[in-house]
Each structure stands twice: as structure tokens, then as C-alpha cells.
Amino acid sequence: MTVLLFVLFSRKASSSTSVLLPKTGFPLRISSVQRKERDLFIMKRASFDQLYKWQRTNLQNEDEFILHDGPPYANGKPHMGHALNKILKDILSRYKLLSGKLVHFVPGWDCHGLPIELKALETHDVLNSNSLEIRQRAKLFALDTIKCQKEAFSRWGVMADWDSGCYFTFTPSYVTSQLKIFCDLYDKGLVYRDYKPVYWSPSSRTALAESELEYNVNHFSSSIYLKITLQTPLPECIADSSKEAPVYLVVWTTTPWTIPANQAVCYNPDKKYCLVRCKSHKDSKYLVIALELYHSLEQLWSCHFTLIKEFDGDIFNGHYYSHPFRKNESMPLLPGNHVSVKKGTGFVHTAPAHGPDDFLVALQHKMPILNLVDEDGKYSADAGSDLCGNDVLDKGQDIVLKLLQNDVIFKENFTHSYPYDWRTKLPVILRASLQWFIDTDKLKTKSIEAMKDVSVVPENFEKPMLTQLATRPYWCISRQRSWGVPIPVFYRSLSHTKEAILHRDIVEKVCKITLEKGIDQWWRMSPEDLIGEELIKKLDLIPGQIFKGMDIMDIWFDSGVSWNSVLPQGKQADFYLEGIDQFGGWFQSSLLTSVASSGHAPYKNIFVHGFVLDHEGRKMSKSLGNVIDPHLILDGDGKKQPAVGIDALRWWVASHVSANGGNISVGIHSIQQASEDIQKMRSVLRFLLGNLNAVTCSQFKQFSPTTLGLTDQYMLHLLSEFAENALSAYQEMNFRKVTSLVSAFINTSVSAFYCSIVKHRLYCHSLTSEDRLSALFVLSEILDQITLIIAPILPHLTEEIEMHHPWRADNGGLFRNRKFADMKKSDFSDVVDRIHPSLSLRQSVNKAIGRLNTQEWNVEISAFDSRDLHLLQMLQSEKKTHDSALCDLLQVSMVTLLGKNDEDSIAKELDNSNVDDSFTKIEFQHFGQIQITLSKTKLALCSRCRRYTSSDGNLCCSCLKVCSL
Ligand SMILES: [Zn+2]
């Protein structure tokens with residue numbers, strides 16, 4: 001139908017200049033070549049960059065809507081994930097702005113952290129770089145990335161004060177606010193220091209993150225099966241069967257050097273175990289192993305097992321064994337669901353200082369962590385004189401194996417993949433070191449309670465968020481790196497294991513220095529200078545014996561306290577809007593810090609979206625070659641990929657974001673589809689705009705509709721219904737529904753229905769006729785409401801329309817002048833029943849005529865029920881005419897409307913001179929009975945109105961009348 005409209009649109013008015021064709025400078029298409037220039041022109045002309053500041057100044061008295069931006073990581077080029085997130089936020093902001101709110105949206109960046117530090121170090125001699133050099137390079141790298149991302153976010157039309165209204169986690173004001181919160185939490189007893197196993201590189205004397213490891217597939221290890229004496233009293237069922245002989249558990253380990261640090265043996269309470277008598281060529285002994293491993297171990301060890309007894313794992317509850325090294329020490333047997341019976345023995349040697357599972361067992365059972373390995377990877381004095389000073393991966397391990405030799409049942413050597421330090425290319429170990437923690441246990445209950453006041457959209461994510469919160473084991477917030485916010489702690493001894501000095505006065509002093517000279521001073525100044533003479537005296541510290549902590553904070557703590565720096569004092573954000581991965585990330589870290597600090601959540605609502613995947617549902621990656629760059633969508637590549645512009649990207653986001661938080665696939669096809677959707681809208685909106693041209697302007701502005709026709713009323717009813725549905729879809733954050741409502745309304749109700757039935761009135765009726773102005777009134781309402789409703793998603797298209805609007809072109813743009821509340825609501829709900837028979841007729845006539853041109857046909861309607869007749873007469877008062885709302889609705893040459901009293905005349909009508917031989921007669925049922933007779937007209941095409949209404953091929957009667965005015 002759109003195509004048909006524009007055939008008429010572009011037609012030259014040859015026979016009469018009085019045909020009022022649409023006229024507008026609004027272009028039908030923007031070519032790929034013009035796209036970028038056009039987008040930039042609109043942004044400039046509509047002052048997108050000033051809009052945020054404008055509303056902060058001009059809407060100060062309105063209710064504030066606070067959307068808090070989760071800071072993206074400043075370490076890469078803008079990608080589709082950013083586009084999805086930032087555009088969704090902007091749609092929400094702009095929706096709220098048009099709802100009359102004062103929007104608070106301060107974009108931010110997460111500037112610290114390991115990936116940035118590593119990128120900054122890529123081209124430098126890392127081993128010889130000091131912290132200050134590393135920090136300087138990392139900062140430059142972050143600044144470059146921020147610049148690039150900022151340009152993209154601003155190009156995507158995101159409304160913010162990009163010049164001076166952003167936040168960065170490395171600025172002095174942000175850092176000092178973070179240090180103060182850290183200090184608050186410490187004073188409240190929510191920060192503590194404890195051991196935790198981390199990857200430790202003895203060769204570079206530092207903890208390493210997973211990303212700093214390289215796996216060597218040819219690493220050589222020894223694994224041992226070690227028997228450990230089960231202490232008496234034995235579990236009853238074992239005691240009964242073992243005839244007082246010693247009974248041993250068997251453990252398997254690939255890191256024999258950790259045996260001295262053994263603190264427990266774990267078993268699986270849900271699995272079956274067995275007591276066997278194991279006979280080898282040397283001796284015979286009672287062993288306990290997992291039943292499932294019976295045969296494989298018998299085979300591996302080349303011995304003979306006799307099964308004595310089977311039992312459940314839970315019989316070990318409350319029992320003890322003798323430590324493999326320190327035989328007189330009783331060690332506990334502990335239940336653990338992490339214990340597998342697929343390999344090993346069903347018992348797991350547990351050294352909490354050297355394994356994450358082991359560490360969790362210790363946490364759960366509140367065991368202190370035994371650490372026997374120093375920073376050089378050597379056994380400490382606590383490991384005993386035999387081991388002290390020996391390298392755990394080398395000579396130390398040999399000594400361990402020698403000391404344990406009588407208890408080793410079986411030993412094998414094997415090569416496997418093992419983590420190495422990426423810099424020194426030497427093996428690393430897992431080693432407990434002292435770290436700083438947030439006491440999540442103390443915060444969990446309060447945080448879960450605080451979530452009761454938070455709405456999660458979609459709802460089904462609320463439970464997983466609470467579960468993640470409840471099961472979070474601990475939050476280690478210290479990192480042994482340089483690019484971050486320092487933990488503001490001093491120590492009274494260099495080993496860092498002695499007393500920590502964390503005092504509010506010192507933190508205040510560090511904050512003061514930071515605000516004056518930057519946080520680099522932490523690395524630059526001596527501890528004495530940082531603390532200052534006065535505080536040294538007050539706190540009874542000894543100059544020369546104070547050492548700075550060199551740990552920095554976890555970046556989740558950096559971003560987790562953003563609410564404190566960014567939100568208006570004492571206010572919660574209305575929305576946090578991020579990807580689903582943030583349930584375990586930013587949503588949680590923000591909640592924990594806010595609850596710790598103020599007792600409530602930092603947000604009232606959480607909205608989550610999925611991830612962007614490629615068109616086959618795979619993660620996008622360089623190696624797969626499936627990355628879609630948002631920049632190419634906007635500007636094209638000058639070759640294969642055409643530029644489709646910002647609004648196509650925005651429409652793609654809105655029309656694909658899933659209301660249930662699911663992932664979103666993107667491919668060239670779906671982007672093109674978005675572009676085509678916009679092109680369809682563009683054509684229809686151009687038609688509306690073209691009719692409201694300058695010629696019409698003066699007459700129209702004086703017009704106020706008194707009696708609108710039935711079809712006009714019906715169209716306004718459809719418009720109201722559409723607007724209401726679209727606004728409630730926005731309210732529900734269901735942007736995808738908004739786009740489908742918009743597309744359906746524009747294509748079906750506006751283009752296929754209303755535009756087709758009003759074009760005769762618009763083009764051919766006299767300029768100021770009431771029915772023409774009524775149609776314009778409706779078109780104007782449609783244009784106004786559609787542009788408002790699509791504006792949050794398609795700000796460029798709507799501002800472009802505003803620029804071409806004959807009486808709004810210079811008013812400063814839609815977002816500064818209009819609001820949803822100004823949309824006129826029409827209450828024409830009763831019109832539906834009244835127009836229904838006529839709409840059904842339209843359908844029937846179209847169906848009967850099929851693909852032929854309806855304009856070449858006359859319709860005779862015989863309504864035998866007076867109610868039907870009455871309803872049809874609302875669209876056509878005359879009995880027979882070429883010019884009526886009913887003719888327009890049915891798009892036919894002539895309509896004859898007959899009632900019951902006209903029954904006799906029906907036969908006569910069929911003989912009418914205008915009737916062709918090939919008439920069709922169809923029956924149509926509605927309420928009572930309506931009969932339709934279709935007959936081909938013998939009239940010719942009128943050269944002005946292009947309808948079959950002329951007797952001689954010149955102007956028809958109606959046109960003659962209009963032209964003579
Ligand atoms: Zn005509």
C-alpha cells in the first residue's frame with residue numbers, strides 16, 4: 001500500500017495544479033554514502049550534546065529519575081555488548097525525559113584492574129618496571145580507551161554530559177570516596193585480614209591472577225598413594241571386622257610437597273566405601289577406599305584385595321587420623337561433597353593453604369590456615385628442620401617423599417599441563433597469603449532483606465540473585481598489583497604478617513594528599529610523610545619501622561562503591577541496568593557495600609539483559625571471525641557493508657532485547673531488517689509530513705474539528721489505543737513490544753488503512769474543505785503521537801521530522817518541547833461498533849474483487865436490516881454517489897446504498913447503464929442480512945482525481961466543482 005501511495009505522491013499534477021499533493025523536503029531515503037553526514041548533521045542541529053545539560057537546568061522542579069551507569073571496563077574498543085547496554089539505558093532515559101522527569105544519568109568507566117595493567121605492560125620490560133611507571137602507562141592506556149568509547153557512546157545518541165558529567169574510578173575524588181567507605185567498613189568490623197590460597201610465583205615473588213598463567217603441557221609431576229593411620233576408636237563396623245589390626249585410609253595426591261601442610265582428610269558422606277585386606281608381595285594390611293574404585297586400584301597397584309565390608313561414607317563422621325608427618329597429632333575426617341569417587345581413592349588430602357576447595361573446607365569448619373611455604377617457595381622454619389629452607393618443587397619435595405616412603409603404597413610419575421609464570425616461565429604453586437576480606441557472612445542476611453524492596457526485571461532473575469548472594473563464600477578485596485586504589489594500611493613490620501595499622505585519621509590524611517596531588521603519592525611518598533609527624537606521635541608509631549601496604553583493591557570494590565560518588569546525596573538509584581552476569585558482579589558488590597554502609601540497597605529496580613551472540617548463537621570472537629562491529633553498522637566499510645546509521649542500530653537493540661533476559665543474536669540480516677523497518681516508517685511519516693505542508697499550514701492552524709467523520713474518529717480511536725499500549729510497554733520496560741506495536745500500527749492502521757482512504761480527500765477536495773481539514777487533523781495527530789512514541793528509540797529520525805515540520809521546524813527539537821502528557825486522548829471507543837459493519841464490507845469487497853483494481857467497480861449495498869442501513873448511512877448519506885466516506889473506505893467508483901424500502905428498485909439498478917456484463921454478485925452476512933452487488937463501471941478515468949468517475953475522460957463532476965471554486 002505504501003508503494004501505491006508514493007506512485008501518487010510523485011505523480012506530476014498535469015491536468016490541474018489544484019491537486020494538493022504532499023510536499024516536503026524530508027528525504028524519502030538516505031543513501032549509504034550520505035548516512036554518516038546526515039546523522040552528524042541531525043545531532044548537531046538538534047544539539048544532542050547539550051540536551052542533558054538543558055534538562056538539568058530547565059526541569060529542575062520536576063521529579064528526578066536516577067539511572068546509575070554501571071561503568072564499562074576501559075580496556076577495549078566499543079563492541080555490540082556496549083551498544084546493547086548503553087542504547088537500552090538511553091531509551092529508558094529518553095522515555096523518562098518525555099514522561100516529564102528530570103533525568104540523572106552520569107556515565108562512568110571502570111579504569112583500574114589487571115587486564116588494563118597487562119595491556120599497558122605488553123610492550124615494556126615488565127620485570128624492571130616499578131609501580132609508578134606501570135601506573136603511568138596503565139593510566140594512559142585507560143585514557144585512550146575511554147576517549148574511543150566515549151566518542152562511540154556519544155555517536156550512538158546516548159544523552160549525557162559527555163564533556164564534564166562522567167565519572168572515572170581513578171579520579172582523586174572517586175578514590176578518596178572509596179577509601180573513606182573502606183575505612184567505614186573497617187571501623188564497623190566488616191573488613192578483616194586472613195589467609196587465602198592464591199597462585200604464587202616463587203620466581204617473581206608475587207601472587208598471580210589466572211590471566212597471568214601459562215600452562216605447560218610437559219610439566220613433570222609425581223603422584224603418590226599414601227596410607228594414613230585411622231585412629232582409634234575406629235568406626236564400629238570397621239572395628240568389628242579388622243581384628244584390632246591397624247586400619248589405614250588411602251589418599252592420592254599429585255603435589256606431595258603439600259602433605260606437611262595437611263590439616264584434614266575429606267570423604268564423601270553420600271558414597272559407598274569399603275574395608276579391604278590388601279595383599280602384596282611384601283605384606284598384608286587393612287585399607288579403606290571408595291567401593292567404586294576397588295577394581296581399578298587393585299589393578300593399578302598390582303595386588304590382591306579381599307573385600308571385608310561395605311559401608312556408607314557417613315560412618316567417618318567425628319573420627320580422626322594420625323597426621324602423616326606429625327604422627328602424634330590427631331587430624332579430623334571431614335565430609336565434603338567435592339570428593340569424587342571417579343579417580344583417586346575417595347579420600348582427599350586437604351591442605352587449606354594450597355587449594356581452593358581445601359580452603360573452603362577450612363572456612364566452613366573455621367580452621368586456622370597452616371602455611372609452611374614462604375614467599376620464595378621454600379619451606380619455612382615451621383615445617384621442621386628436615387624441610388626448612390628447601391624448595392617445595394625441588395629438593396623439598398624429594399625430602400618429603402623420602403620421609404614418607406614407608407607409607408607410600410604406590411608412586412607414579414607423569415607429565416601433565418601445569419601453570420607457569422607467564423613472565424619467568426617457571427612453575428607456580430598455590431600458596432596461602434594474607435589478604436583483605438569483606439565479611440560477607442555478616443552482610444548476607446541484611447542484603448537479602450534489603451532486596452525485598454528491590455524489583456528485578458525480569459522477575460525470574462530475582463531468585464538466582466538471592467541464591468548467588470547466599471552462597472557467596474567470601475570476598476577477597478586485596479590484589480598484589482599496581483594499577484588500582486591502594487588499601488590504605490601500614491604495618492609495623494616488613495613481613496606484612498605483623499600488626500596492621502588502619503586508622504581513620506591516617507585515611508583522612510591520605511585522602512587529603514590524594515585530593516591535592518593524586519593517589520600516585522601513595523607509591524611516591526614514604527610512610528612517614530604520608531602519615532605525617534603529628535599522627536605518628538598521636539598513634540605512637542616509630543619512624544623507620546612503619547611499612548606501607550602494597551596491595552590494591554579488587555576492582556569490584558572500586559565499581560561497587562560508585563553509588564557513593566555518583567548518586568545524589570542520600571538517594572537511591574531508580575534503576576541499575578546491566579547484563580545478567582552482573583548478578584554475581586556489580587549488582588552484588590554494590591548491594592553489599594551499600595548495605596554495609598547505609599543499610600539499604602543502592603537501587604530500587606534492577607533491569608537485566610542477555611549477551612549479544614552471533615547469528616548462530618555463538619559468542620563473538622576474533623578467532624571465529626564473527627565479530628560485528630557497531631562502527632560498521634553506523635558508517636559502513638565503503639564496500640560490502642552499507643552504512644545503515646545510528647537509528648538502525650538503536651532499533652535493532654530495542655526490537656531484539658528479550659523481555660526475559662535471554663541472549664540476543666546479531667547478524668547482517670537482522671541489522672538490515674532493522675534498517676528496512678525504519679525505511680518503511682520513513683515513507684509513511686514522510687507522507688504524513690508532506691500533507692502537513694506549508695500550503696496547508698495557515699488554514700489548518702485555524703481549524704478546530706467540530707464533527708469528525710466516522711473513519712476519522714475510528715482512526716483517532718486506533719491511535720489512542722496504540723499510544724496507550726505503547727506507553728504501557730515502555731512502562732514495563734518491554735521495548736521489543738514497543739517496536740512491534742509501532743511497526744504494526746504504522747504499516748497496518750496508518751499506511752494500509754487510513755492513508756489509503758484519505759488520499760482522495762487530501763489531494764482532490766478543496767484546500768479548506770471541512771472533510772479535508774478533518775483528515776489533516778487526524779494525520780497531524782498521528783504524526784505527533786508516533787514521533788513522540790518512537791523518539792526514545794529513534795531520536796535522529798524524530799528530530800529530522802521535527803526539522804521538516806512546517807510549524808515546528810525551529811522550535812529547538814522534540815525533546816525540549818514535547819511530552820507524552822501532551823498527547824491528546826480521544827474517547828471514541830463507541831466508534832468500533834458503529835464502524836464494524838463497514839470495515840467488514842471493505843474486507844468482503846477486497847476479497848471479492850481480488851487483485852483487480854477496486855476503483856473500477858461500483859458497489860450496490862442492500863441492507864435489509866434498518867440498523868445496518870443506519871450504520872452505513874453514517875458514512876454515506878446519499879443513496880448513490882462517487883463521493884462519500886464509504887466510497888473512500890471501499891475504494892470503489894460508486895456506492896449505491898439501498899434499504900428495505902428500496903427492494904423494488906434493485907432490479908432496476910441492475911439494468912443501470914453504468915453496469916458492465918461481467919458483474920459479480922456476492923452475499924454478505926452481518927447482523928441481519930446485507931447483499932452486495934459488484935459491477936464494473938463504464939465511466940472513464942478522471943484526469944484530475946484518477947478515479948473512474950468521468951463520463952468523457954476529462955474532469956469528473958466532483959473535480960469540476962472543486963476547480964470552479
Ligand atoms: Zn475527478
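The values are calculated or read from the model by the stated rules, or taken from the named source; none is laboratory data. Every value quoted in this text rests on a predicted model; they were computed, and no experiment measured them. Note that we place each Cβ from the backbone using ideal geometry, even for glycine, and neighbour counts take in every protein chain shown.
When GLY157 is tested against (1) buried (at least 21 other Cβ atoms within 10 Å of the Cβ); (2) within 27 Å of CYS511 (Cα to Cα), exactly one condition is not met: (2). Can you pull out the residues in the range 225-247 that are touching a strand residue (DSSP E or B) at 6+ places or on another chain (Cβ under 6 Å), surrounded by fewer than 21 Cβ atoms within 10 Å (Cβ to Cβ) and either small (Gly, Ala, Ser) or modelled with pLDDT of 95 or more (or both)? Selection gives THR229, SER241, SER242, ALA245. Please pick out the residue among ASN337, ASN268 that is among the polar types (S, T, N, Q) and buried (at least 16 other Cβ atoms within 10 Å of the Cβ). None of the other options fit; the residue is ASN268. The criterion of being surrounded by fewer than 18 Cβ atoms within 10 Å (Cβ to Cβ), more than 24 Å from ALA239 (Cβ to Cβ) and either in the same structural domain as CYS266 (by TED's automatic domain parsing) or modelled with pLDDT of 95 or more (or both) holds for HIS295.
Just one residue in the set TYR286, TYR273, TYR321 is within 48 Å of the chain's Cα centre (by Cα) and assigned to a strand (DSSP E or B); that residue is TYR273. Entry remark, the range 41-83: residues being within 20 Å of PHE575 (Cα to Cα) and small (Gly, Ala, Ser) number 3 in total. Where helices (runs of 4 or more DSSP H) fall entirely within the range 72-187, those with at least 1 residues that are within 30 Å of SER526 (Cβ to Cβ) are at 114-121, 131-155, 172-187. Scanning the range 937-965 for residues that are at positive phi and either assigned to a strand (DSSP E or B) or more than 9 Å from the ligand (Cβ to nearest atom) (or both) gives a single hit, GLY953. Counted as qualifying within the range 435-522 are the helices (runs of 4 or more DSSP H) with 2 or more residues that are β-branched (Val, Ile, Thr) and in contact (Cβ under 8 Å) with a residue 24 or more places away in the chain, namely 504-517. Contact map, the range 917-946: first residue farther than 16 Å from VAL859 by Cβ and at pLDDT 85 or above, second residue of a type in the set (Ser, Thr, Tyr) and within 16 Å of the ligand (Cβ to nearest atom), Cβ cut-off under 6 Å, separation 6 or more or different chains; pairs are ALA940/SER950; LEU941/TYR948; CYS942/THR949; CYS942/SER950; SER943/SER15; ARG944/SER15; ARG944/SER16. Going by what's in this entry, would ASP635 be described as touching a Lys or Arg at 6+ places or on another chain (Cβ under 7 Å), among the charged types (D, E, K, R) and closer than 21 Å to ILE30 by Cα? Taking the combined requirement at face value, the residue satisfies it. Counting only residues that are of a type in the set (Val, Ile, Thr) and closer than 19 Å to GLN149 by Cα, the range 629-663 holds 3 of them.
Does the range 182-194 contain any residue that is within 30 Å of THR253 (Cα to Cα), modelled with pLDDT under 95 and either buried (at least 21 other Cβ atoms within 10 Å of the Cβ) or not aliphatic (A, V, I, L, M) (or both)? Please lay out each step first, then the result.
Step one: filter the range 182-194 for residues within 30 Å of THR253 (Cα to Cα), giving 193-194.
If we keep only those that are modelled with pLDDT under 95 too, we end up with 193-194.
Right, trim to either buried (at least 21 other Cβ atoms within 10 Å of the Cβ) or not aliphatic (A, V, I, L, M) (or both) and you get 193-194.
The answer is yes; a qualifying residue exists.
For the range 520-542, the criterion of a residue being crowded, with 20+ Cβ neighbours inside 10 Å and hydroxyl-bearing (Ser, Thr, Tyr) is satisfied by no position. Of all residues in the range 20-32, exactly one satisfies the criterion of being under 12 Å from GLY636 (Cα atoms) and either crowded, with 18+ Cβ neighbours inside 10 Å or without any contact (Cβ under 8 Å) to a residue 24 or more places away in the chain (or both), namely SER31.
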